[in-house]
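Worksheet: the structure to be examined is printed underneath.
The values are calculated or read from the model by the stated rules, or taken from the named source; none is laboratory data. It should be emphasised that the depicted structure is a prediction, and the values quoted were computed from it without experimental measurement. Cβ placement follows ideal geometry from the backbone for every residue including glycine, while neighbour counts extend to all protein chains displayed. The area values use the complete protein model at the heavy-atom level, side chains included, leaving out ligands, DNA and RNA. Shrake-Rupley method; radii C 1.70, N 1.55, O 1.52, S 1.80 Å.
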There are 6 protein chains.
Amino acid sequence: MYRLTVRDHFMIAHSFNGDIFGPAQRTHGATYVVDVTFQRRELDDDDLIVDIGLASETLSTLLAEFNFQNLDDLEEFQGRNTTTEFMARVIFERLAAAIAAGRLGDSGRGLEALTVTLHESHIAWASYEGELQ
Amino acid sequence: MYRLTVRDHFMIAHSFNGDIFGPAQRTHGATYVVDVTFQRRELDDDDLIVDIGLASETLSTLLAEFNFQNLDDLEEFQGRNTTTEFMARVIFERLAAAIAAGRLGDSGRGLEALTVTLHESHIAWASYEGELQ
Amino acid sequence: MYRLTVRDHFMIAHSFNGDIFGPAQRTHGATYVVDVTFQRRELDDDDLIVDIGLASETLSTLLAEFNFQNLDDLEEFQGRNTTTEFMARVIFERLAAAIAAGRLGDSGRGLEALTVTLHESHIAWASYEGELQ
Amino acid sequence: MYRLTVRDHFMIAHSFNGDIFGPAQRTHGATYVVDVTFQRRELDDDDLIVDIGLASETLSTLLAEFNFQNLDDLEEFQGRNTTTEFMARVIFERLAAAIAAGRLGDSGRGLEALTVTLHESHIAWASYEGELQ
Amino acid sequence: MYRLTVRDHFMIAHSFNGDIFGPAQRTHGATYVVDVTFQRRELDDDDLIVDIGLASETLSTLLAEFNFQNLDDLEEFQGRNTTTEFMARVIFERLAAAIAAGRLGDSGRGLEALTVTLHESHIAWASYEGELQ
Amino acid sequence: MYRLTVRDHFMIAHSFNGDIFGPAQRTHGATYVVDVTFQRRELDDDDLIVDIGLASETLSTLLAEFNFQNLDDLEEFQGRNTTTEFMARVIFERLAAAIAAGRLGDSGRGLEALTVTLHESHIAWASYEGELQ
């Protein structure tokens, strides 16, 4: 199995609901360093997993929607806690849709699985891994 | 699949038995930087994999039993080599028991698997991964 | 010259004023991974630069005042931009005052200089370095 | 499951064929920081996954064949693009053959799988993972 | 003293002249992860050391001249060894000139010193530090 | 000013004397990841700060004297605490003597200063910096 990972980041504000979050119920924020891992069984005709330039660009465009935002203000996240693990899944779904729409090229359609990891600090990170259709 | 990792560390002395270990048969030591990865299929009602505060605290308490010890002095390790991979398993078993005992809360019982990674230097690390009951 | 560094982190929300900040004028946030470097010419009687336990604890207590806050709400930062470099100086001043007040012990008074570095991402960090009185 | 990883590196020149590579069609180069992960279900009689000294030495010897080379000059790579993912597979195959030939000792034959990861920069890395016979 | 660092990278081929270089006399290559540190005594009116967007962009443009090149082919490096330390100085001089030419804005003229660090692997890096006019 | 850093590591046991050390008064151990920074004003005739192969080899030989030792057993450290900062100085003195003895070659005599940094964990490190004669 082949895997390629690219790294980027975004910076957001948010707050959490629920006693379990303690002081994190207040409006605070995070830098999320994002690692996206693309997985496929065989390389394409260019000996690539995916066009790394296209992959980095697509990721960057997608993260720009969240970068420098207060996630509490976004309609789609109402009633949810935008935890690190939750956001990993959100970015997974967006990237999976982008791949299905052909934004990583024809070769991108050969990708079989994706892992999105968000590092919230030097001592904590979370990921979501799923298969692609 | 969702995964959350938290990092901590502990510092121990030990020695190894067997010619294969060469100079490491002498009493020496290591800093182990520990990464514990908690895995579950779906997030809990708070959009969490596990209460990260509780997880970090439980790990820290558990590592405190080994921290600043000479592992050669501990009854339970007699006749074994406390290699990096061996200690990864030891910590896995302790954490698995703590989770089963409810120390990561009710939600912690939803965890399905655990990986414990011990970094012994910038160029070597070992892990043990297993399912939870 | 001897130097000792300890690492911690805090997570905040804030916004910036001025066209130069572009989208960062919106409320967003950051994880700041903090490295504090203590400097002195000679070791103390215990062969230490400073009591590392006391140093880590003092830093953690100090960062707790900012952790999980929206810096825009804090009186003392009105009219300023709480940039990474600005916050490095703020933490420097607080630590310098704590050291002068004896919170790092008698030996802590032997410290000659301090550097505070805040990492805002894997590709950007800022620091403030100054002498102690 | 137990896993042990050792890290090394090598430095090469190469060029790529195909419009998709843009400026990387020119002769350029890379430092590849290499992580090799050895996997087995149970520890051996010494409480080891593999003799780490032997594993590091074998890896180093193997990488020396490529280190300080222009990969474009090597017969075996004619007609292929020596991308990061392609080279991860090449090193996997070499190591798998070395293990089968007993170069990691008798215990090395108990290894079940291998992952080879090549880091090409702080923001991109690729790996190949496969089972051993 | 305030310092801000930004990170980028470039990938090149080259060869060295002189017996001291051993196998590195052959055409090989490197990924250079580049850290540039901007230094000034006081923050500007926006509470900044330098406009980080402008600084990153200027660095990226400058590195693009070397990225995906065989340094042996460049006129300006004839008769020199393009070692890591040598290239750190080259990039320092280019950036210093860009700053003097106002490419980091008016505020950029307040910068007093610059350090350029090139990481050639996980175990070796070199830097050049100098004052600005 | 030019600086070159090389990284290596060693693993030791030791114990500390003094109430200030708490549980670290017991026999425990550490992995020290060692960064040595060589400094000089101008490059030598090969465009080098120092022969990096010779520097790495000299460092490795020097660290081998301490590697896999219980520092409490070494005559020279009786009555001292072998703290991270203390050991940074010890390695500095050894390297400075090696350089003075010509073990880094003629060019090595052009070195002006040296910094030795010992990382004891992902959250703590210490260094000693001094001039060379």
Next item on the list: Could you tell me which of E:ALA30, E:LEU43, E:SER60 has its Cα farthest along the dipole of the stretch E:12-96 towards the positive end, charges placed at Cβ (Lys, Arg +1; Asp, Glu -1), taken about the Cα centre?
Entry: E:ALA30
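With only Lys, Arg, Asp and Glu charged, each at its Cβ (+1 for the first two, -1 for the last two), find how big the charge dipole of the protein assembly as shown is about the Cα centre; round to the nearest 20 debye. If you can, show how the numbers build up before the last one.
On the way: 60 positive and 132 negative charges, 0 e Å.
It comes to approximately 0 debye.
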Next item on the list: Between beta-carbons, use under 11 Å as the cut-off and find the net charge around B:ALA13, counting Lys and Arg +1, Asp and Glu -1.
Entry: -1
Next item on the list: Give, as a single signed number, the net charge of other residues whose beta carbon lies under 12 Å from the beta carbon of E:HIS28, with Lys and Arg counted +1 and Asp and Glu -1.
Entry: -3
Checklist line | Separation between Cα centres of the stretch F:29-52 and the stretch E:37-113, rounded to whole Å | finding: 23 Å
Notebook entry, point to check: If you place +1 on the Cβ of every Lys and Arg, -1 on the Cβ of every Asp and Glu, and leave all else neutral, what size is the dipole of chain A about its Cα centre, to the nearest 20 Debye?
Noted result: 320 debye
Item checked: Pairwise label distance in nanometres, D:ALA113 with A:THR61, each label 7 Å out on the Cα-Cβ vector -> 3.4 nm
Notebook entry, point to check: Using a Gaussian network for chain F with springs between C-alpha atoms less than 10 Å apart, which of these wobbles most: F:GLY53, F:GLY18, F:GLY102?
Noted result: F:GLY18
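Mind checking Rg over Rh on chain A, alpha carbons, Kirkwood formula for Rh?
Rg divided by Rh gives 1.01.
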Notebook entry, point to check: Most fluctuating residue of A:LEU63, A:LEU54, A:LEU111 in a GNM of chain A with Cα springs under 10 Å: which is it?
Noted result: A:LEU54
Next item on the list: Summarise the partner chain shielding of E:81-93 as one whole number: the mean count of Cβ atoms from other chains within 10 Å of each residue's Cβ.
Entry: 3
Item checked: GluC sites (Glu not before Pro) restricted to the stretch F:43-95 and DSSP loop, no more than 12 other C-beta within 10 Å -> F:GLU65
Notebook entry, point to check: Across the residues of A:51-58, average count of Cβ atoms on other protein chains within 10 Å?
Noted result: 3
Notebook entry, point to check: Taking the Cα atoms only, what angle lies between the long axis of helix E:52-64 and the longest principal axis of chain E, rounded to 10 degrees?
Noted result: 20 degrees
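With only Lys, Arg, Asp and Glu charged, each at its Cβ (+1 for the first two, -1 for the last two), find how big the charge dipole of the stretch F:1-44 is about the Cα centre; round to the nearest 20 debye.
Working: 5 positive and 5 negative charges, 8 e Å.
Charge dipole of the stretch F:1-44: 40 debye, to the nearest 20.
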Check: On a 0 to 90 degree scale, rounded to 10, what angle separates helix A:84-100 from the longest Cα axis of chain A?
Finding: 30 degrees
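Over both sides of the D-B contact, add up the buried accessible area with a 1.4 Å probe and give it to the nearest 100 Å².
On the way: alone 7660 and 7660 Å², together 13770 Å².
Summing both sides, the interface buries roughly 1500 Å².
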Next item on the list: Summarise the partner chain shielding of D:121-133 as one whole number: the mean count of Cβ atoms from other chains within 10 Å of each residue's Cβ.
Entry: 6
Notebook entry, point to check: Roughly speaking, to the nearest percent, how much of chain E's 1.4 Å accessible area is carbon and sulfur?
Noted result: 43 percent
Item checked: Spin-label pair F:GLU42/B:ARG41, simplified geometry with 7 Å Cα→Cβ offset, distance in nm -> 7.1 nm
Item checked: Copy-to-copy label separations for A:ARG41, where each label sits 7 Å from Cα toward Cβ, in nm and ascending -> 2.4, 2.4, 6.6, 6.7, 7.0
Next item on the list: Quick one: with label points 7 Å out along Cα→Cβ, list the inter-copy distances for B:GLY79 in nm, shortest first?
Entry: 4.6, 5.9, 5.9, 7.5, 7.5
Check: For the pair E:ASP19 and B:GLN25, what calculated FRET efficiency results from E = 1/(1 + (r/R0)^6), where r is the Cβ-Cβ distance and R0 = 35 Å, to the nearest 0.05?
Finding: 0.30
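Once a ≥ b ≥ c are taken as the square roots of the eigenvalues of the Cα gyration tensor of the stretch E:25-78, is the result rounded (a/c under 1.5), prolate (a/b larger than b/c) or oblate (a/b not larger than b/c)?
On the way: a/c = 3.23, a/b = 2.96, b/c = 1.09.
Prolate, since a/c reaches 1.5 and a/b exceeds b/c.
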Next item on the list: Starting from the eigenvalues of the Cα gyration tensor, five times each then square-rooted, give me the equivalent ellipsoid semi-axes of the protein assembly as shown, largest first, whole Å.
Entry: 33, 33, 33
Checklist line | Helix-only mean residue ellipticity at 222 nm for chain A, each DSSP H run of n ≥ 4 adding -39500 (n - 2.57), per residue, nearest 500 | finding: -8000 deg cm²/dmol
Check: Pick from E:ILE20, E:ILE91, E:ILE99: which is most flexible by mean-square fluctuation in a GNM of chain E where alpha carbon atoms under 10 Å apart are linked?
Finding: E:ILE20
